[in-house]
Structures are given as C-alpha cells and as structure tokens.
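**Q** So that we are looking at the same thing, I have put the structure below in structure tokens.
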Amino acid sequence: MIEQISARQDEALQAIGNAGDATALEGLRVQWLGRKSPLTQILRGIGELPPEQRGPMGQAANLAKAAIEAALEARTVAVSSARYSQLADTEWIDVTAPGQKPAEGHLHPITTIQYEIEDLFRGMGFSIWRGPQVEDEFHNFTALNIPADHPARDMHDTFWLKDGNLLRTHTSAVQIRAMERLTPPFRGIAPGRVFRHEATDASHENTFYQVEGLMVDRHISVADLIGVMKQLLSGIFKRDVTVRLRPGFFPFVEPGFELDIRCLICGGEGCSVCKQVGWVELLPCGLVHPNVLRLGGIDPDEWQGFAFGLGFDRLVMMRYGIHDIRYFQAGDLRFLEQF
Ligand code: PHE
C-alpha cells in the first residue's frame with residue numbers, strides 16, 4: 001500500500017514537472033488532489049484498515065499530498081515567470097519614443113476677425129445680436145424702406161425660397177428685429193452670413209459675411225457715427241486711420257455714406273491696392289431713415305440712430321493678402337491650414 005502511494009506521488013510529480021501552462025496545472029490539481037484523486041480515495045479508506053496500519057498509511061498519504069501541493073505551487077511560479085519574461089520580449093513599448101501630435105483644429109480666419117470685431121464693440125457697450133439667415137420680405141426689404149416696386153431691390157440679387165421667404169441679402173434685416181424687440185436707447189452689432197444670387201469670381205461670392213451696427217439714442221449725429229467707425233477701424237488695423245465720407249445711397253439711411261479709409265499701404269500716395277487713388281472704400285453707413293425707425297416702432301422725433309454694414313471678407317483678404325474670396329467657402333485644407 002505504501003509503495004503504491006509513493007508510485008502515485010512519483011507519477012504526479014513527473015506530470016507536474018512537464019506541465020507547460022496554468023491551465024494544465026489546474027487540470028493536474030484536480031486530478032491529483034481533487035475529490036476523486038487516488039490519494040483522497042486512500043485517505044478516505046483509512047478507517048477500514050486494521051488499526052495498526054492506520055497511522056503509517058495516513059502519514060504516508062498526507063506526506064504525498066503535501067509533496068504534490070508543493071510541486072504544483074513551485075511549477076505555477078515557474079510557469080508564470082517564464083510567461084512574463086517571454087512577454088517582455090514580444091510585447092513592449094518604447095516609453096522614450098516621441099509622442100504623436102494629435103491633429104488640432106483652429107478657427108476659420110473669418111471667425112477670428114468676427115470675434116475681434118465683437119470684442120471691440122463690446123468694449124464700446126454694444127450688444128451682440130443674431131438674426132435668422134432665412135428671412136421674410138418684410139425684414140429684409142419692406143421695413144428697410146424698400147417697398148416691392150423699389151428699384152433698390154434690384155441691387156440685391158436674391159435667393160427666393162419656394163415658401164416666399166428668402167435668404168437674407170444683408171444683415172440690415174437684424175436692425176428691424178432689434179427695433180421690434182428693444183426700447184431705446186440701445187446699441188448693438190449683428191455679425192453673420194448673407195447671401196446674394198450672383199455669379200462668383202475672385203471678388204464675388206454668393207455667401208459672405210457682414211457685421212451690421214445700429215445705435216439708437218437721443219441726439220445721434222454723423223459725428224457719433226464717425227467716432228465709432230474710427231474706433232472700430234483703428235482697433236482692427238491696430239493704428240490710427242484717416243477716414244472720409246462720400247455720399248452713398250441706401251434707402252434705409254438718410255444721409256447715407258460710403259466710408260473710405262486712407263490707404264494703409266501707401267499712406268495716400270497711390271498704389272496698386274488703392275488703385276492709385278489713395279483711399280480704400282470700406283463700409284457703407286448713415287443715419288437711420290425716419291421711415292425705418294417708424295416701421296420699427298420708434299418715434300423718429302424723439303430718437304435718432306446711425307447704422308453701418310461692414311463686409312468682413314474683404315478685411316480678412318486685406319489682412320492676409322488673400323487674392324480670391326472663393327477660398328473662404330471651399331473647405332480646402334491646404335488653404336485653411338495656413339492660418
Ligand atoms: N445693408 C447694406 C448692404 O448690404 C449696407 C448698409 C448697412 C448700408 C447699413 C448702410 C447702413 O449693401
């Protein structure tokens with residue numbers, strides 16, 4: 001009987017020594033120490049042996065069991081450390097390798113200048129207004145003193161929608177929405193996208209950007225308009241600018257002006273940027289027409305206002321030396337990644 005136990009023990013130890021991984025070892029644990037294992041059977045049968053054999057048999061079986069447990073333990077450690085040293089050869093990372101820079105987005109140059117303009121005007125106490133890009137005829141034309149048969153409607157080639165609405169042709173529509181909503185005095189700007197049904201070329205797009213400005217208060221005059229415009233332009237160009245006003249016609253202002261700045265490239269001597277005239281036409285503006293105030297629900301005898309509409313695609317083009325306005329909408333990364 002005792003020989004039988006030691007033969008079993010040898011058999012078990014040999015199998016354990018040959019086991020190659022943790023799964024095999026677990027199988028051997030069940031086989032040699034489990035409930036149905038030979039050693040467990042022997043230990044269970046001890047009670048039926050003659051009393052003088054019970055002691056030595058129990059001892060032998062327990063020793064064998066301990067030896068098998070120790071062997072399993074030792075082999076488990078050996079197998080797993082072998083596995084880890086092998087992993088170190090096959091699965092490793094070079095922690096000293098330089099990282100990969102994730103591709104980072106940035107603002108579109110149009111958005112950058114829009115935010116700058118918003119900051120400048122916030123500094124002068126203006127609110128920032130937004131209006132809808134799909135407008136109705138009333139806000140885009142009629143309330144701006146451009147009735148249906150007015151020739152000024154031809155100045156705006158309009159994208160009409162099937163339901164009779166339109167894509168706003170200028171941000172001036174937001175002037176009316178502001179007047180409807182607010183009680184004077186108030187001042188605000190409305191930056192945003194506008195649309196014209198036009199053939200495109202290097203200086204014309206069907207979609208471009210304007211910022212509308214409107215200030216309504218008592219005793220507003222052309223001097224207030226000029227003051228705010230100079231503040232805006234020297235903020236954008238980061239230096240003092242000289243401006244002049246020429247008469248300009250827009251049905252919603254009276255008087256209406258084209259505001260020019262002295263050419264920043266040649267200082268007024270004449271160059272290719274200003275087409276040799278020394279002045280660059282920059283933005284249309286004027287005092288709000290009494291009819292417009294009235295249609296916006298404001299009494300023109302008590303309140304006056306000035307308004308301007310600055311197209312800022314052109315400003316961005318001047319700032320970065322961009323020669324074709326169509327790049328802005330083209331979504332071409334080779335262009336956009338330069339900013
Ligand atoms: N809305 C006019 C345009 O787009 C510009 C403008 C705005 C003129 C405000 C005068 C006052 O042509």
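The values are calculated or read from the model by the stated rules, or taken from the named source; none is laboratory data. Not measured: the values here are computed from a predicted model. Glycine also receives a Cβ, built like all others from the backbone with ideal geometry; neighbour counts cover every protein chain displayed. Each accessible area value is taken on the protein alone, full model and side chains, heavy atoms only, with ligands, DNA and RNA left out. Shrake-Rupley method; radii C 1.70, N 1.55, O 1.52, S 1.80 Å.
**Q** Tell me which of these Val211 doesn't satisfy, since it passes every other one: (1) within 12 Å of the ligand (Cβ to nearest atom); (2) modelled with pLDDT under 95.
**A** The single condition Val211 does not satisfy is (2).
**Q** Hey, another quick one. When only residues in segment 231-290 that are assigned to a helix (DSSP H, G or I) and under 38 Å from the mean Cα position of the chain (by Cα) count, which is nearest to the ligand (Cβ to nearest atom)?
**A** Leu232
**Q** On to the next question. If a residue has to be among the charged types (D, E, K, R) and more than 19 Å from Ile16 (Cβ to Cβ) to count, how many in segment 36-76 make the cut?
**A** 4
**Q** Provide a single number: the residues in segment 325-339 that are touching a Phe, Trp or Tyr at 6+ places or on another chain (Cβ under 9 Å) and more than 16 Å from the ligand (Cβ to nearest atom).
**A** 7
**Q** Okay, moving on. State whether one or more residues within segment 315-331 are open to solvent by 60 Å² or more (accessible area, probe 1.4 Å), assigned by TED's automatic domain parsing to the domain that holds Thr169, farther than 25 Å from Arg196 by Cβ and touching a residue at least 12 places away in the same chain (Cβ under 8 Å).
**A** No, because not a single residue in segment 315-331 is open to solvent by 60 Å² or more (accessible area, probe 1.4 Å), assigned by TED's automatic domain parsing to the domain that holds Thr169, farther than 25 Å from Arg196 by Cβ and touching a residue at least 12 places away in the same chain (Cβ under 8 Å).
**Q** Continuing with the same structure: Do you know which residues across segment 88-135 are charged (D, E, K, R), out of contact with any Gly (no Cβ under 7 Å at 6 or more places or on another chain) and open to solvent by 50 Å² or more (accessible area, probe 1.4 Å)?
**A** Asp89, Glu91, Asp94, Lys101, Glu104, Glu116, Asp119, Arg122
**Q** Considering only helices (runs of 4 or more DSSP H) fully contained in segment 17-135, which possess at least 1 residues that are hydroxyl-bearing (Ser, Thr, Tyr) and at pLDDT below 90?
**A** Result: 22-33, 38-45, 51-90.
**Q** Could I ask something else about it? Name the single residue that is nearest to the ligand (Cβ to nearest atom) among those in segment 291-324 being assigned to a loop (DSSP other than H, G, I, E, B) and aliphatic (A, V, I, L, M).
**A** So, considering only residues that are assigned to a loop (DSSP other than H, G, I, E, B) and aliphatic (A, V, I, L, M), the one nearest to the ligand (Cβ to nearest atom) is Ile298.
Residue by residue, here is whether (1) of a type in the set (Ser, Thr, Tyr); (2) free of Cβ contacts under 8 Å to residues at least 60 places away in the same chain; (3) open to solvent by 30 Å² or more (accessible area, probe 1.4 Å) holds:
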| residue | (1), (2), (3) |
| --- | --- |
| Ile265 | no, yes, yes |
| Gly270 | no, yes, no |
| Val288 | no, no, no |
| Leu295 | no, no, yes |
| Ile298 | no, no, no |
| Asp313 | no, no, no |
| Gln338 | no, yes, yes |
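**Q** If I filter segment 148-198 down to residues being more than 16 Å from the ligand (Cβ to nearest atom) and among the aliphatic types (A, V, I, L, M), which single residue comes out as farthest from Val253 (Cα to Cα)?
**A** Leu161
**Q** Being more than 16 Å from the ligand (Cβ to nearest atom) and modelled with pLDDT of 95 or more narrows it down to one of Asp217, Asp224, Asp201, so name that one.
**A** So the residue among Asp217, Asp224, Asp201 that is more than 16 Å from the ligand (Cβ to nearest atom) and modelled with pLDDT of 95 or more is Asp217.
**Q** What's the total number of residues in segment 1-16 that are among the β-branched types (Val, Ile, Thr) and either outside any helix (DSSP H, G or I) or farther than 17 Å from Ser81 by Cα (or both)?
**A** Residues flagged as among the β-branched types (Val, Ile, Thr) and either outside any helix (DSSP H, G or I) or farther than 17 Å from Ser81 by Cα (or both) within segment 1-16 amount to 2.
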